[in-house]
Each structure stands twice: as C-alpha cells, then as structure tokens.
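Report on the structure given below.
Just so it is clear, none of the values below were taken in a lab; they were calculated from the coordinates. Please read these numbers as outputs of a predicted model, since none were measured by experiment. Counting neighbours? That spans all protein chains shown, and the Cβs are built from the backbone with ideal geometry, glycine included.
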Amino acid sequence: MTRLVRLAAATLIAAALLPAGPRGAVQTPDFAEARRAAASLARLYSLTVSHRGQIVFEYYAKGRSATRAANVKSASKSIISALAGIAIERGLIKNVNQPIAQFFPELATDPDRRKQAITVEHLLTMRTGLESTSGRNYGRWVTSRNWVAHALARPMVNEPGAIMQYSTGTSHVLSALLTRVSKTSTWQFAQSALGKPLGIQFARWPQDPQGIYFGGNDMLLTPRQMVTFGELYLARGRANGQQIVPAAWVDTSCVPRTSSRFDPGREYGYGWWIDEVGGHTACYAWGYGGQFILVFRELDLVVAVTSSTADSDERRGYRRDVLTLIGRIADDLQEAPLNPPRS
C-alpha cells in the first residue's frame, strides 16, 4: 500500500472516529471527542499529549495512571540508541563506524569473516546481516544460555549494511557493548546519563543470564516519563538547562537510513522509526502491542501511548486507529494552539 493510499484511508477513518466541525470553521481542539474516541479503543491504556512543553490531554483506562509504569516493549530501543549517542560523545565508543569485533573478539575467529565488518551503526539500524532473533526465532534466543553469544553466532543472511532485518538481538548486543565500555550496567548508565539529569528514576528491567540488561525490550516507563523522554528529543537533547544527548545525535537518529521490509514507507534511523502520521512527519519509538513515543518536531508536539501487550498492534487495525486518533489531535492543535510557544 502506497503512502498516499494509507493517508487517504487514515483520513476516512479519522472522520469516523472524530466528527469534524462546520466546514470552513477554525475549531478549537475538542478533547471531549478525543476522549470518547480513546475510550472506544479497548486495548488503549493511556494517551498523553504534550504541546509546546505543556501536557494538554491525558487519558487513562483500566487502572492506569500518569505514574504507573508500563512495559514499553521495543520502544526501549530508542532509549538504548540515546545511550549509544551519549557513549560516543564521551569517547567510550569512537564513532558509529567502529567495528563491533573490537568489543567482541570472538567475531575474529568466526568462520564467516563478514561478521568482522559489522559496525555500531549496523546495530543501531538493524543492518548487521545476521539472521534475526525476533519473530519465530525469539523463543529460542531468550531461552539460550548466553543471549549475546547466541545473537552473534547467527548465520549471515545478508551483507552488513545491506537491508534491515528486524532483530531485538542486535539491540541487546548494543546493550552488552554499552555495559563493557561504561564499565557499569546498562541500567546504571541509563540512570546516571539520562535519568538523573531528566529528574526521573528508571525502574530495573529484565536481565539476561549473564546479568546484561535487556537491550531493546521490556523497559518500564510511566506515561509521564515517556513524555519527558520525547520532550528531550523534541528539544534536540536539551532539558533542565543541560545538553543531555548531543543535538547532532538527536538529529541524525531521525534521518532515515533503511526501511521496513513489510512497509517500505515506514523508515528507520538510529533506533527510531520515521513515518507520516495524519500527514505530519513523526520520529517515534514503537513497541509491540501499541507502545509509542511520537515526536512531531514541526508541531512542537509529543504523544505517548501505552496499550495492552496481549496482542500485536497490527491485529484488527488497532495501530491504524490509534495513529488516526493521534493525527486528528495533531491537526486540531496545529489549527488552534492552546498555549504560547515555549521560550
């Protein structure tokens, strides 16, 4: 399906979800309608909207709240990416072109010498060429005795840098790399490099059999923390008077470098997806079931979503409906902003 067809379909769905005002009238955001539309989505747990630095809309269901942590699933990959950018800025990693064999010497003895060409950038963009550890291979990977060794031992199915092969194992290897270069755990590094300057506390999340924190899955964040992280990227890595993530890293993370094999219109940068939502470009973190942190730089807008993790967000059009609702809210805020621009 082409992008134009997807946008046309989204427009029709939006009309069904949120009735439009009189033709030609400039409407103020009707959050009552947005709330009713949110309530119609049975799998939606929370929807938090920040516009120009202020929370303007919050919806919570099924016992969720602004401060109740949720499993953000693969949206965790965007946080791991931020940590990689900080590690490069601090000189712990030379640059994105550094071969990972310098951190994992076992690759030097692997029979397939192509593995020595895998770089940090290939981990960030999931273009290592290694067989995926996700999908049908996921269970075998997470029940292995050594997740990092298992991921690196996968056969090469493509040349490094060729195409995107979605694989949480590549993000976990990145977590292991961060653990080695920071000489601390990924959780501790996240807390000191991101949590403390942002004024948030990262909950501990699962670890592999060697004690390495899961890279790219199962992080726990509250909706407000998700918004805080999104606001950090909206402000090009700056918060509370500090440059926490390098501005250049934030910018380059949202530059498309590859795309989904299943939907070429959905592009991928350094741990962040890039696509149009309701006709507006969004750079976003995305996790299974419908966990999102969407950053709309042109609109000065951040949206955080948590959902049930019982089913894929592809099932019965749930992702489509959530993004359609968000697109309509974005349209309304663009037409009638509620608060003055941030200083």
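Worth pointing out:
- Here the label points at E298 and I163, each 7 Å from Cα along the C-beta direction, are separated by 3.0 nm in the simple model.
- Distance between the pseudo-spin-label points of V255 and L220 (7 Å out from Cα toward the beta carbon): 3.8 nm.
- Label-to-label distance, R36 versus R180, with points set 7 angstrom from Cα along the beta-carbon direction: 5.7 nm.
- In degrees, nearest ten, helix 3-17 long axis to first principal axis of the chain (Cα): 50
- Cα shape, the stretch 234-343, gyration tensor, a/c 1.5 rule: oblate
- Label-reachable residues, the stretch 70-106, where backbone N falls under 19 Å from a point 7 Å from Q188's Cα toward its Cβ: 80, 83-84, 86-88, 90-93
- Radius of gyration over Kirkwood radius for the chain, both on Cα atoms: the Rg/Rh ratio is 0.97.
- Paramagnetic reach from R320 in the stretch 235-271 [backbone N under 17 Å; point 7 Å along Cα→Cβ]: 262-266
- Hits among aspartates and glutamates - C-alpha to C-alpha of K115 under 12 Å, sequence gap 8 or more where chains match: E106, E131, E159
- Take every Cα pair under 8 Å whose residues are at least 6 apart in sequence, average their separation, divide by the length of the chain, and the relative contact order is 25 percent.
- Counting every other Cβ atom within 10 Å of each residue's Cβ, H172, H122 order from fewest to most as H122, H172.
- Other residues lying with their Cβ under 13 Å from the Cβ of I244 contribute a combined charge of +2, Lys and Arg counting +1, Asp and Glu -1.
- Nearest-20 debye value, the stretch 79-182 charge dipole, Cβ charges on Lys, Arg, Asp, Glu: 160
- Net charge of Cβ neighbours under 12 Å - reference N95; Lys, Arg +1; Asp, Glu -1: -1
- With 0.36 nm allotted per residue and the present C-alpha distance subtracted, the I200-Q102 stretch has 32.0 nm of extension available.
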